[in-house]
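Beneath this line is the structure, given in C-alpha cells, with notes to follow.
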Amino acid sequence: MTDLRNEQIQKEREEQRKRAEELTASLTLDEKIGMIHGAQLFQTKGVERLGIPPLKMSDGPMGVRQEFFPDSWKAVGLTDDYVTYLPCYSALAATWNRKLAREMGGVLGAEARGRGKDVILAPGINIKRSPLCGRNFEYFSEDPYLTGELAAPFVQGIQDWDVAACVKHFAVNNQETQRLWVEVKIDEKALREIYLPAFYNALKKGNAYTVMGAYNKLYKEHCCQSQFLLNQVLRKEWEYDGVVISDWGGVHDTELAAGSQLDIEMSVTYDFDQYFMAEPLKQAVLEGRVKEEAIDEKVVRILVLMMRLHMMDGRRKTGCYNTEEHRRTALHVARESVVLLKNQKNSLPLSKDHVKSVLVIGDNGNRIHSDGGGSGEIKALYEITPLMGIKKLLGGNVKVDYAQGYVTDASEKKEGHVSWQEASLENGGGLRQDSDRESGAGEAVRRNEELLAEALKKAVLYDQVIFVGGLNHSQDCEGNDRADMKLPYGQDELLSRLLDVRPDMVVVIMGGSPVEMGQWIKKADSLVWNWYSGMEGGTALAEVLYGEVNPSGKLPESFYKTHLDCSAHCVGEFGKEEEVWYKEGNLVGYRYLDACHVEPEFCFGHGLSYTSFSYHGGKIVEEGGETFFSCLVTNIGDREGGETVQVYLRPAGWRDEKIPGVFQELKGFEKVFLKPGETQMIYIKLEGDLKGAKVAAGASSRDIRILIDAGARHGE
Ligand code: BGC
C-alpha cells in the first residue's frame, strides 16, 4: 500500500472517531448500555431518536444461519432464509488457494448483507491442536501461517460487502470439553508462536472489523474479559481498534468485563436486562464502581464500526443471496478441496466408459450434513449428496444403487426439542464423547450386522463399488470432543471385509478431522478425503472420482495414525475439565511429528494429483532488499492439474537432533495450474530469521524436492 493511501485511511479513521465521540457525548447512560449488550439473541439495541440502528449478527461459518425468534432459540421457520451452503473451513484450507478464500468470503459477506446482517460470526480460526476437537471442521489448520494466509483474504471478501467479519474465538479455544470453564496453561512463547499469529493476520492484514472472545480461560482469566488478551495483546501491542464481541455466555463478571476491552456482551439466555453489561453495569456506574468513560469507549468503537459498514450514511451495499454465482463458488471450492490421499495402480479416476452398474456403500453416501454441527448449522437451499452427485454425472443409462452399510446415531432434527444452544451454559458447555458411544444398543448392533451382510452380498455384483463413510456431525460437533480417532459405527470391520471381496473398491472418507485407518488402509488401492464440502459437495466428489476434475487439495493438518501420536495427547493434555496444560509448547501438529520422527498416516501438505509435477532450478534471489525463493515447476503428466508448492524453513541447527525444537515450519506456498508440459516459475518471499537456515520446498512437508541454504544468494 502506498504511503498516500495509508495517510488517507488514517485520516478517515480519525474523522470517524471524532464523529463517533461527538455522537457518544449526546447519548444517555441507558442508551449507551443498550448498545453494548444483546437485547435479542443476535442483536443489540439502537438509539432511534438519533438514527443509530441496532447491530444485527448471525452465525456462521458455512453460510448465514436461519432466523431465530428474538428471545427464544426456536427457529422462526421461514421460507426465505434458505441459503448457499459453503464448504467448511477445513475444506477451504485444503485448497491452499488465497484467491478462493477471498471469493468464498465474498459469498458469505454478500449473503449476510442480502439477509440484512451487519456482523457475520466467522471465520473460526482456532488452531487444530488435537484431531479430537469437535469444532475442527469450523477451523482451518494446525498451522498458524496457513490459517492466517487464508483467513485474511477471507475476511476481506466478507467485508467487501459492508458486513463485518467476526474472527473467532480469541484465543486458545482448542477443546469443547468444559469449554466455558477450562483453563489453558501454556508458555507465552508457544502462545505467541502458534496460537496468536493467525488472529494477528486476520485482524491486522485482513482488517477484520470485529473479533469474538473465547469461552475458555487463559492465565486464570476468562478470555472475554481478559486483561492480558484484550488489553495487553489486542489493544496495546496490536493497536487493534475494532469491536470485541463476547462469545454467547462468555462473560462472567460486570466489573471485569467493563474494565477489559470487551465491547459487546452476547449470551444465550433471554434475561437480556440482566446480562453483566446491562442493568448490573448501570448500577455499577451509578455506584461509582465503574467509570462511565469505560462505557463511552466501547460505544465509540461500535459507532465507528457502523460508519465503516455505512450503516448510517445511505451508501451501503445491498448484498444478495442464493445466486448462481454463489453456487458456482461453492462448487469451485469443493472441487479444489478434495484430497487424493492414495492412488495405487492408478485405480482412480474411474472410467465412465462401458460401466453399467455402480454400487455406493456407506451412510455418508446418502447423508445431508448441512443441518448439523452446532452454531455452524445451515438451512441449505439444497445439498447434493455423493450418491446424487454420482447419479447426476453418470446419467440414466448406468444403474447406480445404494447400500447404507452401517447404521448411525445422527438423528434428524425434530421441531419442539429444547435447543442445545439454550442449554449450552449447563455442564460447562461441552462434553467428551464416550469411546463406545456409537456401538450403542443391541438393536443398532443387530441392524449393523444386517447392513454389513447386505453390503458384502451386493459388493460383488456391480462393475464399480464406491464406499463413502467416515464421520458426521454427531462427532464433528460443537460442544463435543471425540474420545479417539476411531471410525464410528463399526466401519473398520465393514471396510476391511468389503476390501477382501472387492479389493478395487474406491474408499471415500468424509469428515472434519482425521480418523484411524490402520485396520484397512493397506488393503485399499485408493483413498479420497472429502470434507463437509457444501451444497455442491457431491457434484465435486463425483467429478473427481470420474476424472472430470483433477484433484489438487492438500492436507492442511497431519493425519495421525492414532490420536496418541499427536503432541497434545502424548506430551500435553487434552480434554481435561479444569485445566489443560499445553506441555508440547510450539511442537504442534507436524512440528512435533517432524522433530520427533513420528510417522503419520498422511503428512501435513500431502495430496496427490492425476498428473505429476517436477521441481527444478531452485534458488534464493535478493530483490529490493527482500529475499525470495524461486523455482520452476513443470507438469510432466498428460493432464492439466494444480500443484501447491510449499516452502518450509529449517532453522539453523535443524540437523542437530540434540537440540529439541522445531525442525521445519511452513513459511510460504503458491498454487499453480499447469497444462501438460507447461512450466511456471514460482516466487515466494522469505521472512524471518534466515541466518544459517535451510529452505525446503516441495509437494508436502515430507516430499521435499529442493533443499538449499537460505544464504545461497543469486542475482544481487
Ligand atoms: C459459539 C459461537 C457462536 C455463538 C452464537 C456459541 O456457542 O461458540 O461460535 O457464534 O454461539 O451462536
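The values are calculated or read from the model by the stated rules, or taken from the named source; none is laboratory data. Everything quoted here is computed from the prediction, not taken from an experiment. Cβ sites come from the backbone with ideal geometry, for glycine too, and all protein chains shown count toward neighbours. The accessibility values were calculated without ligands, DNA or RNA, using every heavy atom of the protein model including side chains. Shrake-Rupley method; radii C 1.70, N 1.55, O 1.52, S 1.80 Å.
Pairwise over distinct Cα atoms, reciprocal of the mean inverse distance: report the Kirkwood radius of the range 237-322 in Å, one decimal place.
Working: mean 1/r = 0.0689 Å⁻¹.
Evaluated over the range 237-322, this radius sits at 14.5 Å.
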For the range 1-65, accessible area per residue (1.4 Å probe, heavy atoms of protein chains only), Å²:
53
Calculated from backbone phi, Karplus (6.51, -1.76, 1.60) coupling profile of the range 39-45 in Hz, x at Gly/Pro:
9, 9, 5, 10, 8, 9, 8
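Within 10 Å, Cβ to Cβ, of Ile361, how many net charges do the neighbouring residues add up to if Lys/Arg are +1 and Asp/Glu are -1? Numbers along the way, then the final one.
Numbers: positive: Lys458, Arg502; negative: Asp363, Asp401, Glu454.
Spelling it out: positives minus negatives among the neighbours equals -1.
Take every Cα pair under 8 Å in the chain that's 6+ residues apart, average their separations, divide by the length, and report that relative contact order as a whole percent. Display every interim value, and only then the final one.
Numbers: 1779 pairs, mean separation 109.2, N = 716.
It rounds to 15 percent for the chain.
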Express in nm, to one decimal, how much length is gained between Glu188 and Cys596 on full extension, taking 0.36 nm for each residue of separation and deducting their alpha carbon distance.
144.7 nm
Please list, in chain and number order, the residues 5+ apart from Val47 or on another chain whose amide H is under 5 Å from its amide H, with Hs placed from the backbone.
Ile52
Reachable lysines from Lys391, criterion Cα separation under 20 angstrom, eight or more residues apart if same chain:
Lys352, Lys356, Lys399, Lys458
Rg in Å to one decimal, and Dmax rounded to a whole Å, for the range 563-700 via C-alpha atoms:
17.8, 57
Compute the angle between helix 442-459 and the longest alpha-carbon principal axis of the chain, please, reported from 0 to 90 degrees and rounded to the nearest 10.
50
What figure in square angstrom, to the nearest 10, would you give for the accessible area of Ile120 with a 1.4 Å probe?
0
Among 390-398, 563-571, 618-626, how do they line up by average Cβ neighbours within 10 Å per residue, starting with the highest?
563-571, 390-398, 618-626
Using only helices, what value at 222 nm comes out for the chain when you add -39,500 (n - 2.57) per DSSP H run of length 4 or more and divide by the total residues, to the nearest 500 deg cm²/dmol?
-7500 deg cm²/dmol
Take the alpha-carbon centre of the range 446-503, take the same for the range 284-317, and report the distance between them in whole Å.
53
Heavy-atom accessible area per residue of the range 613-709, all protein chains kept, 1.4 Å probe, expressed in Å², is 47
Out of residues 5 or more away from Phe170 or on other chains, whose amide H comes under 5 Å of its own, with H placed 1.01 Å from N in the peptide plane?
Met212, Gly213, Ala214
Given that compact globular proteins tend to follow 2.2 N^0.38 Å, what is the ratio of the alpha-carbon Rg of the range 111-212 to that value?
1.08
Just the Cα atoms of the range 27-175, one point each, no solvent: what log10 I(q)/I(0) does Debye give at q = 0.09, 0.19, 0.21 Å⁻¹?
-0.32, -1.13, -1.26
Can you give the local net charge around Gly34? Use residues other than it whose beta-carbon is closer than 13 angstrom to its beta-carbon, Lys and Arg +1, Asp and Glu -1.
-1
Heavy atoms only, probe 1.4 Å: what % of the accessible area of the chain goes to carbon and sulfur, would you let me know?
49
For the chain, longest principal axis from Cα atoms; helix 324-337 axis from its Cα atoms; angle between them, nearest 10 degrees, is 60
Three principal axis extents, largest first, for the C-alpha atoms of the chain, in Å?
77, 69, 48
Residues meeting the amide H criterion for Asp143 (H placed from the backbone, H to H distance under 5 Å, 5 or more places apart or on another chain) are Lys128
Note down the relative contact order for the range 579-642 as a percent, whole number, built from C-alpha pairs under 8 angstrom at least six residues apart.
27
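Expressed as cubic angstrom per residue, what is the convex hull volume of the alpha carbon set of the range 486-570? Each step should come with its number before you reach the end.
Details: hull volume 9.8 nm³, N = 85.
With only Cα atoms used, the range 486-570 gives 115 Å³ per residue.
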Report, in listed order, any pair from Lys205/Lys236; Lys554/Lys685; Lys185/Lys554; Lys189/Lys671 with a Cα-Cα distance greater than 24 Å.
Lys185/Lys554; Lys189/Lys671
Net +/- balance of residues flanking Glu14 in space, Cβ distance below 12 Å, scoring K and R +1, D and E -1
0
Taking Cα atoms only, helix 3-25 is inclined relative to the longest principal axis of the chain by an angle, in degrees rounded to 10, of 50
Keeping every protein chain present and rolling a 1.4 Å probe, give me the accessible area per residue for the range 242-335 in Å².
40
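If you take the Cα Rg of the range 343-405 and divide it by 2.2 N^0.38 Å, with N the number of residues, what do you get?
Details: Rg = 14.6 Å, N = 63, 2.2 N^0.38 = 10.6 Å.
Against the compact-globule rule of thumb, the ratio is 1.37.
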Distance from the Cα centre of the range 544-608 to that of the range 28-62, in angstrom?
41
The range 499-641: Kirkwood hydrodynamic radius (Cα pairs, Å) comes out at 18.5
